[in-house]
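Here is the structure we will look at.
The values are calculated or read from the model by the stated rules, or taken from the named source; none is laboratory data. Keep in mind it's a predicted model, so treat the numbers as computed, not measured. Backbone-built Cβ (ideal geometry, glycine too); neighbour counts: all protein chains shown.
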């Protein structure tokens with residue numbers, strides 16, 4: 001499976017979970033500071049179909065550090081049903097989300113899937129093939145905190161054949 005296919009599978013599983021949530025669960029605070037479950041879903045969808053010009057506009061409005069919030073705010077008027085429909089209509093990433101062969105969308109969906117599940121107490125086993133790719137990308141991307149946090153540390157999960165770093 002390539003990155004786009006893995007991202008589509010991850011988004012499908014996320015959509016399947018979201019379809020089971022109650023109205024109250026959509027309003028639960030996620031692990032993303034200041035965002036509810038619905039806001040995280042809006043964020044995941046906010047980069048599909050976005051052009052470089054749209055990103056520049058968001059960067060100007062949000063002063064780069066708040067670019068994600070600008071995307072969430074743009075989708076704030078959608079109902080939870082509309083957010084779910086939007087996700088189902090874009091299972092295969094498009095636009096900016098499809099960059100790096102879909103790996104950006106895979107990383108984003110996998111991490112945010114956990115940001116939603118954990119506060120709701122809904123455990124999940126992430127497929128090993130996807131998790132290996134996500135872990136590798138999360139410690140290589142300077143835009144993510146994992147890049148800084150992983151320096152000088154050896155990462156070796158006990159439930160997955162994957163290793164990175166030294167220390």
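List of remarks:
- Applying the criterion of being in contact (Cβ under 8 Å) with a residue 40 or more places away in the chain and not in a loop (DSSP other than H, G, I, E, B) to the residues of region 116-137, the residue that is surrounded by the fewest Cβ atoms within 10 Å (Cβ to Cβ) is 129.
- Selection of region 138-167 for residues being touching a strand residue (DSSP E or B) at 6+ places or on another chain (Cβ under 7 Å) and either surrounded by 14 or more Cβ atoms within 10 Å (Cβ to Cβ) or part of a helix (DSSP H, G or I) (or both) yields 139, 150, 155, 164.
- The set of residues in region 27-58 being in a helix (DSSP H, G or I) and within 14 Å of the chain's Cα centre (by Cα) consists of 37, 38, 39, 40, 41, 42, 43, 44, 45.
- Residue match in region 61-76 (condition: at negative phi, touching a residue at least 60 places away in the same chain (Cβ under 8 Å), buried (at least 18 other Cβ atoms within 10 Å of the Cβ) and under 14 Å from the mean Cα position of the chain (by Cα)): no
- Every residue from region 96-107 that is surrounded by 21 or more Cβ atoms within 10 Å (Cβ to Cβ) and in contact (Cβ under 8 Å) with a residue 40 or more places away in the chain: 97, 102, 103, 105, 106
- The condition (being over 15 Å from the mean Cα position of the chain (by Cα) and assigned to a helix (DSSP H, G or I)) is satisfied by just one residue among 10, 24: 24.
- Cβ separations smaller than 7 Å between residues 6+ apart or across chains give no pair from region 2-26 residues that are free of Cβ contacts under 8 Å to residues at least 12 places away in the same chain to residues that are surrounded by fewer than 13 Cβ atoms within 10 Å (Cβ to Cβ) and assigned to a helix (DSSP H, G or I).
- Among (1) on the phi < 0 side of the Ramachandran plot; (2) surrounded by fewer than 17 Cβ atoms within 10 Å (Cβ to Cβ); (3) at pLDDT below 95, the one test that residue 49 misses: (1)
- Sole exception among (1) part of a helix (DSSP H, G or I); (2) closer than 30 Å to residue 159 by Cβ; (3) modelled with pLDDT of 95 or more; (4) out of contact with any strand residue (DSSP E or B) (no Cβ under 9 Å at 6 or more places or on another chain) for residue 103, by number: (3)
- Residue that is surrounded by the most Cβ atoms within 10 Å (Cβ to Cβ), among those in region 77-90 that are in contact (Cβ under 8 Å) with a residue 12 or more places away in the chain and not in a helix (DSSP H, G or I): 90
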